[in-house]
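What follows is calculated from the coordinates using simple rules that are stated; it is not laboratory data. In this text, all values refer to a predicted model and were calculated from it rather than measured experimentally. Using ideal geometry, Cβ is built from the backbone for each residue, glycine included, and neighbour counts are taken over all protein chains shown.
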Amino acid sequence: MGISTQRSTFITWSRTTGKHFHNFVTWKDLRADSLVKQWNKSYTWKLFKFSAYVLYLVSRSKRFKAGSVFKFMNTQTSLRLNWVLQNVVALRNAVQNNDAMFGTLDTWLLYKLTGQRIHMTDVSSASATGFYDPFTMQWAGWGTLLLNIPISSLPTVVDTAGEHFTSTAPDIWGHAIPIRSCMADQTASMWGSCCFDVGDIKLTMGTGTFFNINTGSAPHASVSGLYPVVGWRLGDELVYSAEGANNDTASIIKWAQNLGLFISPQETADIANSVTDTDGAFFIPAFSGLGPPYNDGTAASGFIGMKPSTTKAHLVRALLESLAFRTAQLYQCVRNETDYTFHSIRLDGGVSNNDFLAQLVSDLTGLRVERPVHVEMSSLGCAHIVGLHLGIWKSKQELKSLRKVGCVFHPRPHVKKSYEHTISMWEDAVTRMCGWYSRSNSLKSVNAVSDSSGCGVVPKNSFKLLKNNGDAVK
């Protein structure tokens with residue numbers, strides 16, 4: 001068995017009883033937003049970053065360079081866990097009694113599947129929490145100290161594949177099933193896309209857009225907002241990835257569908273192609289803020305530039321174009337900070353089935369975009385790493401030979417040229433929406449967030465505290 005899960009979604013539970021203190025807090029939860037803002041603006045954090053910068057000037061260490069520009073984000077586990085520690089009394093009491101256990105989704109599944117025998121997470125999931133140091137490959141002491149996260153509650157960090165995951169409890173399926181891998185979804189999709197070589201690029205367009213580049217054995221220290229994560233560790237092989245993200249992709253498609261702009265996502269490419277442009281309308285995809293190069297958690301989503309002549313088709317095209325524009329920006333960040341030579345992007349994720357979007361990404365990046373026959377690469381990548389560990393496949397080269405590309409999109413230079421003015425106007429529209437929510441003291445007007453499925457949930461009601469008798473209260 002192999003396990004692949006979304007990253008940064010977490011839960012806490014009792015070491016004694018195994019009962020959880022609250023529901024999963026997903027990676028798109030915004031309840032710690034005020035903490036994120038407070039910490040990023042605090043003198044404590046400014047001093048931390050300044051100290052890291054001084055150490056970087058002295059040592060030229062990439063670790064200190066990364067620390068000098070580190071910024072807390074809502075998608076990281078760190079401050080959401082800090083928020084839970086502040087707001088869940090039962091958890092605070094458990095921490096005082098050394099009875100608290102923390103885990104991301106993979107850790108919880110392993111804990112339950114093995115009959116509560118192991119408390120583990122793999123390096124790829126740990127490195128996405130925001131308080132695991134990819135340079136030292138340890139839980140970051142500064143993170144646990146500043147954020148009051150008890151070290152005793154954290155899982156052991158292990159290799160991405162191996163026998164250390166043991167096996168499922170026999171009473172679940174009648175007999176024990178060996179678990180040979182547990183990995184984060186973005187790492188799994190890199191394996192599914194066979195991004196094994198330095199400079200290989202994988203672009204996942206699912207709930208969010210995740211742009212990953214294999215940086216080999218060296219973590220990438222970015223100044224633009226890209227962040228280093230551990231791709232995988234298999235014995236002596238340690239591979240890092242530089243990642244940039246736009247957290248709203250499929251969730252925006254779902255929102256537009258609920259709004260009535262189209263009936264089915266499958267028809268959006270044809271709708272976008274039914275008009276030659278957006279009639280001057282632009283969309284900013286920022287329900288969860290904007291990632292690199294803006295790095296603005298207070299940015300707002302919205303359409304700008306609508307006129308009486310604007311139709312649904314124009315709005316659909318504007319929406320899809322915005323997703324391609326954001327992807328092109330992520331790619332430009334990578335180009336500005338690395339000296340790799342890029343030739344192609346390996347595409348996956350449900351939204352990648354959109355031909356209009358895939359072609360426009362190719363046009364704007366100037367790279368060949370390869371879409372596989374089956375776009376769900378996380379499950380395939382998980383199968384790949386388990387099979388390689390068990391000897392079903394003998395090498396990564398053999399896995400590469402199994403890769404099946406369904407469609408290739410080639411860049412059209414004249415299209416990129418024709419979009420220069422449009423992109424410039426869209427970037428102007430983005431600047432108007434940046435900092436939107438910083439103009440008020442809170443996000444009270446935003447009374448709903450999206451979970452990992454893209455469905456709307458109300459923050460207060462999506463979080464249940466458990467009484468001692470096990471009854472849930474909202």
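The table for this structure:
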{"quantity": "Those trypsin sites (Lys or Arg not before Pro) in the range 28-60 that DSSP places in a loop and that have at most 15 other beta carbons within 10 Å", "calculated": "R60"}
{"quantity": "Trypsin sites (Lys or Arg not before Pro) restricted to the range 382-437 and DSSP loop, no more than 14 other C-beta within 10 Å", "calculated": "K394, K404"}
{"quantity": "Helical mean residue ellipticity (222 nm; -39500 (n - 2.57) per DSSP H run of 4+; nearest 500) of the chain", "calculated": "-11000 deg cm²/dmol"}
{"quantity": "Net dipole in debye of the range 250-433 [+1 Lys, Arg Cβ; -1 Asp, Glu Cβ; about Cα centre; nearest 20]", "calculated": "460 debye"}
{"quantity": "Order of W142, W232 - criterion: other Cβ atoms within 10 Å of each residue's Cβ, fewest first", "calculated": "W142, W232"}
{"quantity": "Theoretical FRET efficiency, 1/(1+(r/R0)^6), r = Cβ-Cβ of N93 and S42, R0 25 Å, to 0.05", "calculated": "0.35"}
{"quantity": "E398/T341 FRET efficiency (R0 22 Å; Cβ-Cβ; nearest 0.05)", "calculated": "0.30"}
{"quantity": "Distance (nanometres) between label positions extended 7 Å along Cα→Cβ at V373 and T17", "calculated": "5.1 nm"}
{"quantity": "Inter-label distance for T276 and V198, nm, one decimal - labels placed 7 Å from Cα along Cα-to-Cβ", "calculated": "4.8 nm"}
{"quantity": "Normalised contact order of the chain, rounded percent, pairs of Cα under 8 Å and 6 or more residues apart", "calculated": "16 percent"}
{"quantity": "Net charge of Cβ neighbours under 14 Å - reference Y227; Lys, Arg +1; Asp, Glu -1", "calculated": "+2"}
{"quantity": "At R0 = 22 Å, FRET efficiency that the Cβ-Cβ distance of S264 and H410 yields, to 0.05", "calculated": "0.20"}
{"quantity": "Cα centroid separation, the range 361-383 to the range 115-182 (Å)", "calculated": "28 Å"}
{"quantity": "Which listed pairs, of K202/K417; K62/K400; K112/K400, have C-alpha distances above 29 Å, in listed order", "calculated": "K62/K400; K112/K400"}
{"quantity": "Counting DSSP beta bridges with both ends in the chain, the antiparallel % (nearest 5)", "calculated": "75 percent"}
